[in-house]
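J.: I have a structure here, written as structure tokens, and I will follow up with some questions on it.
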Amino acid sequence: MSWYRDEVEEVVRKSGSDPEVGLSHKEAKKRLNQFGPNKLEEGKKTPAFLVFIGQFKDFMVLVLLAATLISGLIGEVIDAITIMFIVLLNGVLGYVQERKAEKSLDALKELSAPQMMVKRDGEWVKIPSAEVVPGDLVRLESGDRIGADIRLIVTNELRVDEASLTGESVPVHKKSQRLEAEELEIGDQENMLFMGTMITQGNGQGVVIGTGMNTEMGKIAHLLQTTETLVTPLQMKLEQLGKMLIAVALLLTALVVVIGLLQGHELNTMFLSGVSLAVAAIPEGLPAIVTVALALGVQRMIKRKGIVRKLPAVETLGCASVVCSDKTGTLTQNKMTVTKLWSGGRYWDVSGTGYEPNGQFEGNGQVVKPDQNRDLAQLLSFGLLCSHAVITERKDDKRFGRSKSRFVLDGDPTEGALVVAALKAGYSKEGLSKQYQVVQEFPFDSTRKMMSVVVKDRSGQRILITKGAPDVIASRTSLMLRQNRSERMSAKGKAELDEAVASMAGQALRTIAIAFRVLAHSESIQSAEEAEKDLTLIGIQAMIDPPRPEVKDSIAECREAGIRTIMITGDHKITAEAIATQLDILPSGGKVVDGQMLSKLSDEELAEGIDQMYVFARVSPKHKLRIVQALQANGHIVAMTGDGVNDAPAIKASNIGIAMGMTGTDVAKEASSLILSDDNFATIKEAIKEGRNIYENIRKFIRYMLASNVGEILVMLFAMILGLPLPLAAIQILWVNLVTDGLPAMALGMDQAEGDVMKRKPRSPNEGVFARGLTWKIISRGFMIGAVTLAAFWLVYQEHDGDLVRAQTIAFLTLVMAQLIHVFDCRSEYSVYHRNPFENLYLVAAVIISTLLMLAVLYIPALQPVFHTVPVSFREWLLVLSLAAIPTVVLGGFQLVKRKK
Ligand code: ATP
């Protein structure tokens, strides 16, 4: 159907919608059933059984299975079956880990799924794009990614980037009038919006005419089905490391086998032991556990309101050294209330809090009735006419009880404040609509820092009303109101205005100037640039936007963690400085720079001075990009927040792009790697903390797994060199690998942050995983684990006159217990004594389960022949535990003493 050829009324009628109430919830549900969810079909996923089979395609596992088969054929049937079983269990574990990682990544995608504003039963509601149905009335604004095919019915300066569909990169100007032509290409359908394109400017409303695969995008969807899985730099490094470790493990294993053969051991036994050792020593679980640790950390972040869109950001977060944060809404609450007004040299105070429209006006300590003062009345009513925000009273909201009411804002908080101030004076949109009708609009944008509407009064006279940043408005003003009369804007008047703005901004108030111009009958206005000139200033409305209570502490915490906070705002320099001072962002000697000053600095000068700059005020989004680049030129790892379309380049260029979940546009979200679902600065701090912790946790289990593997290899190698019998049977080696590498390693990945993670300097992005003494820790602990295991073996072997099974059992138990004790050591950068071992209950549970599994193979008679074990006596337990504790308790003790010194 050619929707673009229909008149607007026709479109609404045909789609079965209603321009006032939209669809009913019931009808929408019916249509959702009929048309299905508004989603493009996705590419096929790897089926579960293939993921499972994938666990066994590892080369060494295949060699082990082959070796097992051979040993089974030559008579070692029980051994063979058990090895198969252990390999299977290992596979199941790997499968579970991989699935868990995949599921949590899917959940992430769901969380950042786009939403759309639709009208249902007369109310505008935000719903997931997937639930949008044909016939839905939708509202769209600058920065939105369009989620369906839409026929426009209202547009205001609407421009749309359709490059994703047509390849045309210049935004297309859209309108709502019907088009005549019969056959139009997508790019020429000027009254249509298409799924996947995005709004770069303006706003509009329309009716959904196609969803899901029935959209233009759906028709080409099969071309777009590329699934992209991002690997983090750490994962890449670990992959390389993994290859090296395999080589080392194989080399050492070969050494064990060769020396064993030279010492006269049987080929058959040596072969199976060698292969088992290789399987145990190769940290095949590492990549999966890294993914799980990343994914689990990401889930913890979600609980703290940070949604990671790109996994590599988790690592980069831990390196962040500067956070550039928007002021409004991130550092402040974005709950604005007008408290002061100024016009023609007079001030008024307004009482009341929040969006509740109750309050009084006072001037010079006297209560004032706004309708008896024309300047004040015009300041308030024109502020209202030039605002979109709507305040509604929710009486029936159960959360607030029947008696209490709550006033909620739909729209921009700055405009909300203007609307509430007008309501306090008795002006409402409905009331004013009898007098004025809005006929044209030039939407707000943060580069222009203004917004205008054209209204027509009852006599047909058109008036342009402009509101915006006072300094910008002042530059386009030629007259100002004073006591109900307009006068030339003289130097004195300008100075008066500047002083008023400075005085209100100094109290951390955000200022908005309101101005107007009566339009000549013949004047037709095409652009904002043409319109916004020769204005008459009515006055200023000033509003508070209190800082978020938790932000000051978060900034202090960041400072302790070596992270600097920079405030970036479109707001007035003095307002910005006042809030920065309240929040302790600005140290003594720190500079406040405004957009004008910034424009005068060259890139080099900016980079040179930026380490002293803490607040950037009256900046445009394009300045943000320069700030990021200057910081990066000084070697900083920069986190940058943003919400608008124009913020996207800076978000992309920063190391960690952060978008606002509530107020952010889709474009900003898509450019970001982290979304704050509560728009709160404190969430950035939490995410950085979590990012640091995740990295530390990965280091923890790498350290644990590798030290364990070093221990396993060394005990065999030492025994062969010393000409001793094999201290462990092949099955025991595999079992050690299963019980120690599986659950405890995963539990380390879920460990709590060590107390001082936010007291350390940011990690350098070039730092290797093994930095800060990790290699030494792995080798020394691994060496000790191997040594005590061999000691246990040798002592019992001597005492029991060469009872190999008993000696092997003790060595087996010592090795496992040494690792299960050592796992607690790995939780700290310092020593086991620095942390409460019962803090991580997952780890405690994992260690208990592993110990119980160990007890089972020691004491269940049926399992004893399978695992070549005998029951261990109380005296032997004492020996085992005292030896097993040495690597952790003794070496930890040394570390403690060294730190104390
Ligand atoms: P931040 O970058 O911290 O979010 P901001 O929200 O204050 O800063 P902008 O939204 O770009 O930055 O606003 C810049 C200035 O434009 C404000 O100080 C105000 O004077 C003016 N302004 C803000 N919103 C509107 C609006 N809806 N209509 C007209 N002027 C506005």
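The values are calculated or read from the model by the stated rules, or taken from the named source; none is laboratory data. Just so it is clear, the structure is predicted and the values come from calculations on it, not from any experiment. Positions of Cβ are backbone-derived with ideal geometry, glycine not excepted, and every protein chain shown enters the neighbour counts. Note: accessible area is taken over every heavy atom of the protein model, side chains too, but ligands, DNA and RNA are not part of it. Shrake-Rupley method; radii C 1.70, N 1.55, O 1.52, S 1.80 Å.
J.: Can you work out which of the residues in segment 851-897 that are hydroxyl-bearing (Ser, Thr, Tyr) and within 16 Å of THR789 (Cβ to Cβ) is surrounded by the fewest Cβ atoms within 10 Å (Cβ to Cβ)? Talk me through it step by step, then tell me what you get.
T.: Keep residues of segment 851-897 that are hydroxyl-bearing (Ser, Thr, Tyr), which gives 851, 859, 869, 873, 882, 888.
In the following step, the residues that additionally are within 16 Å of THR789 (Cβ to Cβ) were identified as 869, 882, 888.
Values: THR869: 25, SER882: 13, THR888: 24.
Within segment 851-897, the match that is surrounded by the fewest Cβ atoms within 10 Å (Cβ to Cβ) is SER882.
J.: A follow-up question, please. Taking the condition assigned by TED's automatic domain parsing to the domain that holds ALA502, surrounded by fewer than 20 Cβ atoms within 10 Å (Cβ to Cβ), of a type in the set (A, V, I, L, M) and within 16 Å of the ligand (Cβ to nearest atom), does VAL368 pass?
T.: no
J.: So in segment 391-413, with the set limited to residues that are within 16 Å of the ligand (Cβ to nearest atom) and not in a strand (DSSP E or B), which one is modelled with the lowest pLDDT? Walk me through how you get there before you give the answer.
T.: Quick first cut of segment 391-413, residues within 16 Å of the ligand (Cβ to nearest atom) only: 391, 409-413.
Filter again for not in a strand (DSSP E or B), leaving 411-413.
Details: GLY411: 87, ASP412: 91, PRO413: 93.
Restricting to residues being within 16 Å of the ligand (Cβ to nearest atom) and not in a strand (DSSP E or B), the top hit is GLY411.
J.: Still on this structure, I have one more. Given GLU670, GLU690, which one is farther than 27 Å from ILE81 by Cα and either open to solvent by 20 Å² or more (accessible area, probe 1.4 Å) or not in a helix (DSSP H, G or I) (or both)?
T.: Values: GLU690 fails: either open to solvent by 20 Å² or more (accessible area, probe 1.4 Å) or not in a helix (DSSP H, G or I) (or both).
After applying the criteria, what remains is GLU670.
J.: Hey, among the residues in segment 414-439 that are over 38 Å from the mean Cα position of the chain (by Cα) and either in a strand (DSSP E or B) or within 14 Å of the ligand (Cβ to nearest atom) (or both), which one's surrounded by the most Cβ atoms within 10 Å (Cβ to Cβ)?
T.: The qualifying residue surrounded by the most Cβ atoms within 10 Å (Cβ to Cβ) is TYR436.
J.: For residues that are among the small types (Gly, Ala, Ser) and within 23 Å of ARG703 (Cβ to Cβ), scanning just segment 241-262, find the one that is surrounded by the fewest Cβ atoms within 10 Å (Cβ to Cβ). Give the steps one after another, and end with the answer.
T.: If we filter segment 241-262 for residues that are among the small types (Gly, Ala, Ser), which is where we start, we get 242, 247, 249, 254, 260.
Of the ones still in play, those that are also within 23 Å of ARG703 (Cβ to Cβ) are 242, 247, 249.
Working: GLY242: 16, ALA247: 11, ALA249: 22.
Among those that are among the small types (Gly, Ala, Ser) and within 23 Å of ARG703 (Cβ to Cβ), it is ALA247.
J.: Given segment 507-586, what strands (runs of 3 or more DSSP E) lie entirely inside it while holding 3 or more residues that are of a type outside the set (Phe, Trp, Tyr) and within 11 Å of the ligand (Cβ to nearest atom)? Please lay out each step first, then the result.
T.: On the way: elements: 510-518, 535-544, 564-568.
Because the criterion is at least 3 residues that are of a type outside the set (Phe, Trp, Tyr) and within 11 Å of the ligand (Cβ to nearest atom), the strands (runs of 3 or more DSSP E) in segment 507-586 that meet it are 510-518, 535-544.
J.: Also, I was wondering about something else. In segment 160-180, what residues are open to solvent by less than 10 Å² (accessible area, probe 1.4 Å) and within 18 Å of PHE442 (Cα to Cα)?
T.: Looking only at segment 160-180, we keep the residues that are open to solvent by less than 10 Å² (accessible area, probe 1.4 Å), and these are 160, 162, 174.
Selection gives VAL160, LYS174.
J.: How many residues, within segment 337-364, are within 16 Å of the ligand (Cβ to nearest atom) and not assigned by TED's automatic domain parsing to the domain that holds SER428? Before the answer, list the steps.
T.: First, pick out the residues of segment 337-364 that are within 16 Å of the ligand (Cβ to nearest atom): 337-342, 355.
Pick out the ones that are also not assigned by TED's automatic domain parsing to the domain that holds SER428 and you get 337-342.
Residues that pass the stated criteria total 6.
J.: With respect to VAL338, determine if the residue is surrounded by fewer than 24 Cβ atoms within 10 Å (Cβ to Cβ) and at pLDDT 90 or above.
T.: Numbers: surrounded by fewer than 24 Cβ atoms within 10 Å (Cβ to Cβ): no; at pLDDT 90 or above: yes.
The answer is no for VAL338.
J.: So VAL453 ticks every box in (1) within 16 Å of the ligand (Cβ to nearest atom); (2) over 40 Å from the mean Cα position of the chain (by Cα); (3) over 30 Å from LEU583 (Cα atoms) but one. Which box is left unticked?
T.: All conditions are met except number (2).
J.: Within segment 329-353, can you find the residues that are assigned to a loop (DSSP other than H, G, I, E, B) and touching a Pro at 6+ places or on another chain (Cβ under 9 Å)? Please lay out each step first, then the result.
T.: Of segment 329-353, the ones assigned to a loop (DSSP other than H, G, I, E, B) are 333-336, 344-345, 351-353.
GLN333, ASN334, LYS335, MET336 - these are the residues of segment 329-353 that are assigned to a loop (DSSP other than H, G, I, E, B) and touching a Pro at 6+ places or on another chain (Cβ under 9 Å).
Matching residues to (1) away from the ligand (no atom under 11 Å from the Cβ); (2) open to solvent by 50 Å² or more (accessible area, probe 1.4 Å):
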| site | (1), (2) |
| --- | --- |
| ASP471 | no, yes |
| SER478 | yes, no |
| GLU487 | yes, yes |
| LEU497 | yes, no |
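J.: Still on this structure, please answer the following. Limited to segment 624-642, what total is found for residues that are within 16 Å of the ligand (Cβ to nearest atom) and either free of Cβ contacts under 8 Å to residues at least 40 places away in the same chain or of a type in the set (S, T, N, Q) (or both)?
T.: Number satisfying all stated conditions: 3.
J.: Going through VAL667, VAL645 one at a time, which residue ends up being among the aliphatic types (A, V, I, L, M), out of contact with any Cys (no Cβ under 7 Å at 6 or more places or on another chain), at pLDDT below 95 and away from the ligand (no atom under 15 Å from the Cβ)?
T.: Working: VAL645 fails: away from the ligand (no atom under 15 Å from the Cβ).
Only one candidate passes the filter, namely VAL667.
J.: If you scan segment 120-159, which residues turn out to be open to solvent by less than 40 Å² (accessible area, probe 1.4 Å), in contact (Cβ under 8 Å) with a residue 24 or more places away in the chain and either in a strand (DSSP E or B) or aromatic (Phe, Trp, Tyr) (or both)?
T.: Hits for segment 120-159 are ARG120, LEU137, VAL138, LEU140, ASP149, ILE150, ARG151, LEU152, ILE153, THR155, ASN156, LEU158.
J.: Of everything in segment 467-497, what is more than 45 Å from the chain's Cα centre (by Cα), of a type outside the set (S, T, N, Q) and part of a strand (DSSP E or B)? Give them in sequence order.
T.: The answer is LEU479, MET480, LEU481, ARG482, ARG485, GLU487, ARG488.
J.: All but one of (1) within 16 Å of the ligand (Cβ to nearest atom); (2) at pLDDT below 95; (3) at negative phi hold for PHE681, so report the exception by its number.
T.: Result: PHE681 passes all but (2).
J.: What residue, of ALA707, ALA730, is touching a residue at least 12 places away in the same chain (Cβ under 8 Å), more than 16 Å from VAL258 (Cβ to Cβ) and over 36 Å from the mean Cα position of the chain (by Cα)?
T.: On the way: ALA707 fails: over 36 Å from the mean Cα position of the chain (by Cα).
Within the list ALA707, ALA730, the selection yields ALA730.
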